[in-house]
1. Given R₀ = 25 Å, FRET efficiency for LEU68-ILE33 by Cβ-Cβ distance, to 0.05?
2. Would you mind ranking TRP287, TRP271 by Cβ crowding within 10 Å, fewest neighbours first?
3. Between ARG202 and ALA13, what is the label-to-label distance in nm when each label sits 7 Å out along the Cα-to-Cβ direction?
4. Whole angstrom only: what separates the Cα centroid of segment 16-76 from the Cα centroid of segment 257-287?
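None of the figures in this text is laboratory data; all of them are computed from the coordinates on show. Here the structure is a predicted model, which is why all the values come from computation and not from measurement. Because the Cβ atoms are built from the backbone with ideal geometry, glycine has one as well, and the counts that use them run over all protein chains shown.
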Amino acid sequence: MPSAEDRDFLGRAIETSIRVGLILLLVVWCFQIARPFLQPIVWGIILAIATQPLHVALCRALGGRKALAAAALVVVTLVLLIVPSALLTKNLVESASQLATSVQAGTLAVPPAPAAVADWPIVGEPIHSFWSAASRNFQAALEPLHPQLKAVAAWVLERGASAGFGLVIFALSVVLAGFLLASGEAAAAAARGVAERLVPGRGAELVTLAGGTVQSVTRGILGTAVIQAFLAGIGFLAADVPAAGLWTLLVLLLAVVQLPPVLVLLPIVVWVFASSSMGVAILFAIWSVVIGLSDNVLKPLLLGRGSDVPTAVIFIGAIGGFIRAGIIGLFVGAVVLAVGHGLFRWWLENEPETAPS
């Protein structure tokens, strides 16, 4: 027969297990309910932290009216987001429709390849051969590339189908960021309270660390990408490159995922040399080199500002997070790794308490 103490212990263990099980069930249930809104919530928090310095400056200019400053930021952001996106989407749909119609009707005409293209080193002869074949019979020239083009078309259709939904999610995130900015003190106090419960004595420091990291990533990675895309767009317009908006968007995407913009710029440089005057082509080539090298200057200036976390930690976290979870991982990965770095450094700097002898 078990003793009274054993029965009492067993009863407490069963009661504790039931309570823990019910709490876990509640947590899982809450997560399942909130799961569809997690992405806009995380984006809203990131946007609120990233735009907090701008909100503070705008609030000061408006006489301390936080709600009005937040509303103004939301309206401006939505206008800057929706108007270009709608114009770009309309342009892409019209261009794709016209291209598909021309290909199906056999009316798509490609100008003959300039003879100078064949003299280019290494790649000149293959490019001239393909270009000439396309000018004679475009459909026949694309026949060897049919499997690759089919895969690309499927990917483009899939991305296009999800682009509209993603735009709605991001717009919702902007609105949520406005509410967080309007109640910034309460949101910051709640974040510090949760962090203090998790890491007593260090919670406020970790919240500050996380906020500085988000702002660093915003300036360093997205800021660099936006500047490079803006410079590329100016060059495309100056060189009269067709579909300049599309190429600018591609440069932006490549810069965000830390791929060199030269992957887009180099083929366009080749096209400009083949279709424009030598002076314009040389200037555009120089401009493209400046764009390609600009991140070597911009990232050191922008990435580490606002945070005492090493730039390498933020960079590795951002890229690893992007590989793991897409664009949102760009921020989450950097924040998680930076907070982990802060905890590890705190653990090294604080000696463990020795038990009394």
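1. 0.15
2. The most exposed by this proxy come first: TRP271, TRP287.
3. With each label placed 7 Å out from Cα toward Cβ, I get 3.3 nm.
4. 42
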